[in-house]
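J.: One structure is given below, represented as C-alpha coordinates, and several questions about it will come after.
The values are calculated or read from the model by the stated rules, or taken from the named source; none is laboratory data. Everything quoted here is computed from the prediction, not taken from an experiment. Reconstructed Cβ throughout: ideal geometry from the backbone, glycine too, with neighbour counts over all protein chains shown.
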Amino acid sequence: MPTPTVTRVTSARIPTDYGEFQLGYYNNTIDDKAHLAFYMGDDLAGDDVLVRVHSECLTGDIFGSRRCDCGEQLDRALQLIAEEGRGVLVYLRQEGRGIGLLQKIHAYNLQDAGHDTVDANLMLGHGADERSYALASCILKDLGITSVRLITNNPDKISALEADGIKVNDRVDLPCTVHPENSQYLKTKAERFNHMLRLANPPS
(Lines give C-alpha, C1' and ligand atoms only; values in the text may rest on other atoms or scores of the structure.)
Protein backbone atom coordinates (compact mmCIF):
# COMPACT_ATOMS: atom_id res chain seq x y z
CA MET A 1 0.00 0.00 0.00
CA PRO A 2 1.39 3.46 -0.87
CA THR A 3 2.12 5.86 1.95
CA PRO A 4 -1.12 7.75 2.64
CA THR A 5 -1.36 11.51 2.61
CA VAL A 6 -4.15 13.84 3.72
CA THR A 7 -5.27 17.33 2.72
CA ARG A 8 -7.24 19.58 5.03
CA VAL A 9 -9.96 20.97 2.78
CA THR A 10 -11.70 23.32 5.20
CA SER A 11 -12.69 23.79 8.83
CA ALA A 12 -15.46 25.50 10.74
CA ARG A 13 -16.40 26.50 14.27
CA ILE A 14 -18.71 24.02 16.06
CA PRO A 15 -20.25 25.10 19.39
CA THR A 16 -21.19 22.10 21.57
CA ASP A 17 -22.39 21.31 25.08
CA TYR A 18 -18.72 20.84 25.97
CA GLY A 19 -17.55 24.13 24.48
CA GLU A 20 -16.40 25.42 21.12
CA PHE A 21 -14.53 23.08 18.78
CA GLN A 22 -13.25 23.34 15.24
CA LEU A 23 -14.20 20.66 12.72
CA GLY A 24 -11.56 19.96 10.10
CA TYR A 25 -12.52 18.04 6.94
CA TYR A 26 -9.80 15.92 5.31
CA ASN A 27 -9.45 14.29 1.92
CA ASN A 28 -6.90 11.52 1.53
CA THR A 29 -5.15 9.32 -1.02
CA ILE A 30 -6.42 5.96 0.32
CA ASP A 31 -10.22 6.12 0.18
CA ASP A 32 -13.08 8.45 -0.73
CA LYS A 33 -14.31 8.95 2.84
CA ALA A 34 -14.33 12.20 4.76
CA HIS A 35 -12.14 11.73 7.84
CA LEU A 36 -12.37 14.47 10.43
CA ALA A 37 -10.48 16.28 13.15
CA PHE A 38 -12.60 17.74 15.96
CA TYR A 39 -10.29 19.92 17.98
CA MET A 40 -10.12 22.58 20.66
CA GLY A 41 -7.33 25.07 21.32
CA ASP A 42 -5.62 27.83 19.35
CA ASP A 43 -2.29 26.05 18.89
CA LEU A 44 -2.13 22.27 18.84
CA ALA A 45 1.42 21.96 17.55
CA GLY A 46 3.85 20.32 19.91
CA ASP A 47 4.16 17.53 22.43
CA ASP A 48 1.81 15.59 24.71
CA VAL A 49 -1.44 16.78 23.15
CA LEU A 50 -4.55 15.05 24.49
CA VAL A 51 -5.88 12.94 21.60
CA ARG A 52 -8.66 10.47 20.97
CA VAL A 53 -8.67 8.43 17.74
CA HIS A 54 -12.28 7.31 17.34
CA SER A 55 -13.64 5.00 14.67
CA GLU A 56 -17.11 5.78 13.39
CA CYS A 57 -19.97 3.85 15.02
CA LEU A 58 -23.29 5.13 13.76
CA THR A 59 -25.32 2.89 16.05
CA GLY A 60 -23.42 3.91 19.18
CA ASP A 61 -22.36 7.47 18.37
CA ILE A 62 -25.68 8.64 16.92
CA PHE A 63 -28.41 6.29 18.15
CA GLY A 64 -27.00 5.50 21.59
CA SER A 65 -26.87 1.73 21.08
CA ARG A 66 -25.99 -0.25 24.19
CA ARG A 67 -24.55 -3.10 22.17
CA CYS A 68 -21.18 -1.32 22.43
CA ASP A 69 -19.47 1.42 24.41
CA CYS A 70 -18.62 3.67 21.46
CA GLY A 71 -21.03 6.52 22.14
CA GLU A 72 -20.03 6.60 25.79
CA GLN A 73 -16.34 6.73 24.81
CA LEU A 74 -16.97 9.54 22.33
CA ASP A 75 -18.77 11.67 24.89
CA ARG A 76 -16.17 11.05 27.57
CA ALA A 77 -13.30 11.92 25.23
CA LEU A 78 -14.90 15.23 24.28
CA GLN A 79 -15.46 15.98 27.95
CA LEU A 80 -11.80 15.32 28.76
CA ILE A 81 -10.60 17.51 25.89
CA ALA A 82 -12.96 20.31 26.95
CA GLU A 83 -11.79 20.10 30.57
CA GLU A 84 -8.22 20.59 29.39
CA GLY A 85 -9.18 23.27 26.86
CA ARG A 86 -6.92 21.75 24.23
CA GLY A 87 -6.91 18.50 22.29
CA VAL A 88 -8.08 16.56 19.26
CA LEU A 89 -10.60 13.88 18.48
CA VAL A 90 -9.74 12.27 15.14
CA TYR A 91 -12.92 10.72 13.71
CA LEU A 92 -12.10 7.95 11.26
CA ARG A 93 -14.84 6.73 8.93
CA GLN A 94 -14.26 3.01 9.41
CA GLU A 95 -17.56 1.66 10.64
CA GLY A 96 -17.81 -1.74 12.27
CA ARG A 97 -14.09 -2.25 12.86
CA GLY A 98 -13.62 -1.47 9.18
CA ILE A 99 -16.22 -3.80 7.64
CA GLY A 100 -18.90 -1.16 6.99
CA LEU A 101 -22.41 -0.60 8.30
CA LEU A 102 -24.21 -3.28 6.26
CA GLN A 103 -21.77 -5.99 7.30
CA LYS A 104 -21.90 -4.78 10.90
CA ILE A 105 -25.67 -5.24 10.91
CA HIS A 106 -25.22 -8.78 9.56
CA ALA A 107 -22.65 -9.34 12.33
CA TYR A 108 -25.15 -8.13 14.93
CA ASN A 109 -27.57 -10.83 13.82
CA LEU A 110 -24.84 -13.45 14.18
CA GLN A 111 -24.07 -12.11 17.65
CA ASP A 112 -27.73 -12.46 18.59
CA ALA A 113 -27.43 -16.09 17.51
CA GLY A 114 -24.68 -16.61 20.08
CA HIS A 115 -21.40 -15.69 18.35
CA ASP A 116 -19.02 -13.07 19.74
CA THR A 117 -17.91 -10.03 17.76
CA VAL A 118 -14.71 -11.66 16.53
CA ASP A 119 -16.31 -14.86 15.29
CA ALA A 120 -19.21 -12.96 13.69
CA ASN A 121 -16.77 -10.93 11.57
CA LEU A 122 -14.81 -14.04 10.62
CA MET A 123 -17.99 -15.88 9.64
CA LEU A 124 -18.78 -13.04 7.24
CA GLY A 125 -15.38 -13.40 5.57
CA HIS A 126 -13.75 -10.40 7.26
CA GLY A 127 -10.83 -9.99 9.59
CA ALA A 128 -11.53 -9.68 13.28
CA ASP A 129 -10.51 -6.01 13.06
CA GLU A 130 -9.82 -4.39 9.69
CA ARG A 131 -9.17 -0.87 10.92
CA SER A 132 -6.10 1.18 10.08
CA TYR A 133 -4.85 4.22 11.97
CA ALA A 134 -2.48 5.50 9.29
CA LEU A 135 -4.77 8.37 8.33
CA ALA A 136 -5.10 9.40 11.97
CA SER A 137 -1.32 9.72 12.14
CA CYS A 138 -1.35 11.84 8.98
CA ILE A 139 -4.01 14.14 10.42
CA LEU A 140 -2.12 14.55 13.68
CA LYS A 141 1.06 15.41 11.76
CA ASP A 142 -0.89 17.94 9.68
CA LEU A 143 -1.92 19.62 12.93
CA GLY A 144 1.73 19.80 13.98
CA ILE A 145 1.40 17.20 16.75
CA THR A 146 4.53 15.19 17.50
CA SER A 147 3.54 13.30 20.66
CA VAL A 148 0.26 12.57 22.40
CA ARG A 149 -1.47 11.48 25.53
CA LEU A 150 -3.82 8.99 23.93
CA ILE A 151 -7.34 8.44 25.23
CA THR A 152 -7.76 4.72 24.61
CA ASN A 153 -8.12 1.23 26.03
CA ASN A 154 -6.79 -0.36 22.84
CA PRO A 155 -3.08 -1.35 22.80
CA ASP A 156 -3.16 -1.79 19.00
CA LYS A 157 -3.96 1.89 18.60
CA ILE A 158 -0.89 2.85 20.61
CA SER A 159 1.45 0.64 18.62
CA ALA A 160 -0.04 1.76 15.28
CA LEU A 161 0.46 5.47 15.99
CA GLU A 162 3.98 4.90 17.25
CA ALA A 163 4.83 2.87 14.14
CA ASP A 164 3.74 5.90 12.09
CA GLY A 165 5.95 8.29 14.04
CA ILE A 166 3.50 9.66 16.61
CA LYS A 167 4.99 9.16 20.07
CA VAL A 168 2.47 8.06 22.70
CA ASN A 169 3.85 9.39 25.99
CA ASP A 170 0.83 8.51 28.12
CA ARG A 171 -2.42 6.56 27.96
CA VAL A 172 -5.63 8.01 29.38
CA ASP A 173 -8.08 5.20 29.99
CA LEU A 174 -11.81 5.25 29.37
CA PRO A 175 -13.98 3.57 32.00
CA CYS A 176 -16.64 1.27 30.55
CA THR A 177 -20.18 0.97 31.85
CA VAL A 178 -21.47 -2.61 31.73
CA HIS A 179 -25.03 -3.15 30.50
CA PRO A 180 -26.75 -6.49 29.89
CA GLU A 181 -26.52 -5.80 26.15
CA ASN A 182 -22.78 -5.05 26.06
CA SER A 183 -21.32 -7.36 28.70
CA GLN A 184 -20.31 -10.03 26.17
CA TYR A 185 -18.94 -7.35 23.83
CA LEU A 186 -16.71 -5.93 26.60
CA LYS A 187 -15.60 -9.42 27.62
CA THR A 188 -14.55 -10.11 24.02
CA LYS A 189 -12.65 -6.81 23.88
CA ALA A 190 -10.70 -7.77 26.98
CA GLU A 191 -10.10 -11.45 26.21
CA ARG A 192 -9.64 -11.50 22.43
CA PHE A 193 -8.33 -7.98 21.68
CA ASN A 194 -6.42 -7.45 24.95
CA HIS A 195 -8.13 -4.14 25.63
CA MET A 196 -7.18 -2.61 28.97
CA LEU A 197 -10.66 -2.15 30.40
CA ARG A 198 -11.59 -0.49 33.66
CA LEU A 199 -15.24 -1.15 34.39
CA ALA A 200 -17.19 1.74 35.90
CA ASN A 201 -19.68 -0.70 37.44
CA PRO A 202 -18.03 -4.14 37.66
CA PRO A 203 -20.48 -7.02 38.00
CA SER A 204 -20.95 -8.15 41.60
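J.: Of the conditions (1) touching a Gly at 6+ places or on another chain (Cβ under 8 Å); (2) at pLDDT 95 or above; (3) under 23 Å from Asp116 (Cα atoms), Gly60 satisfies every one except a single condition; which number is it?
T.: (2)
J.: Separate question: Take segment 94-143 and flag every residue that is polar (S, T, N, Q) and either farther than 16 Å from Glu181 by Cα or surrounded by 21 or more Cβ atoms within 10 Å (Cβ to Cβ) (or both).
T.: Our first condition is that a residue be polar (S, T, N, Q); within segment 94-143, this holds for 94, 103, 109, 111, 117, 121, 132, 137.
If the condition is that a residue be polar (S, T, N, Q) and either farther than 16 Å from Glu181 by Cα or surrounded by 21 or more Cβ atoms within 10 Å (Cβ to Cβ) (or both), then Gln94, Gln103, Thr117, Asn121, Ser132, Ser137 are the ones that fit.
J.: Select from segment 107-139 the residues that are under 19 Å from the mean Cα position of the chain (by Cα) and among the hydrophobic types (A, V, I, L, M, F, W, C) and write down the one among them that is farthest from Thr5 (Cα to Cα). Step through it out loud before you land on a result.
T.: Taking segment 107-139 first, the residues under 19 Å from the mean Cα position of the chain (by Cα) are 117-118, 121, 127-139.
Retained after the next criterion (residues that are among the hydrophobic types (A, V, I, L, M, F, W, C)): 118, 128, 134-136, 138-139.
Values: Val118: 30, Ala128: 26, Ala134: 9, Leu135: 7, Ala136: 10, Cys138: 6, Ile139: 9 Å.
The qualifying residue farthest from Thr5 (Cα to Cα) is Val118.
J.: Of the residues that sit in segment 72-98 and are more than 10 Å from the chain's Cα centre (by Cα), of a type outside the set (A, V, I, L, M) and part of a helix (DSSP H, G or I), which one is nearest to Asp43 (Cα to Cα)?
T.: Among those residues, the one meeting the criterion is Glu84.
J.: Among the candidates Leu140, Leu135, Leu174, which residue alone is at pLDDT 95 or above, in contact with a helix residue (DSSP H, G or I) (Cβ under 8 Å, 6 or more places away or on another chain) and not β-branched (Val, Ile, Thr)?
T.: Residue meeting the stated conditions: Leu140.
J.: Looking for something among the polar types (S, T, N, Q) and not in a loop (DSSP other than H, G, I, E, B) - is there at least one such residue anywhere in segment 25-39?
T.: Yes - at least one qualifying residue is present in segment 25-39.
J.: Collect the residues in segment 17-42 that are under 14 Å from Ile81 (Cα atoms) and of a type in the set (D, E, K, R), keeping them in residue-number order.
T.: Those that are under 14 Å from Ile81 (Cα atoms) and of a type in the set (D, E, K, R): Asp17, Glu20, Asp42.
J.: Sticking with this one: Which of the residues spanning segment 81-93 are surrounded by fewer than 18 Cβ atoms within 10 Å (Cβ to Cβ) and either out of contact with any Ser or Thr (no Cβ under 9 Å at 6 or more places or on another chain) or polar (S, T, N, Q) (or both)?
T.: Glu83, Glu84, Gly85, Arg86
To keep it simple, each residue is scored yes or no on (1) over 19 Å from Lys104 (Cα atoms); (2) modelled with pLDDT of 95 or more; (3) of a type outside the set (Val, Ile, Thr).
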residue	(1), (2), (3)
Arg8	yes, yes, yes
Ala12	yes, yes, yes
Leu23	yes, yes, yes
Asn28	yes, yes, yes
Tyr39	yes, yes, yes
Glu56	no, yes, yes
Ser65	no, no, yes
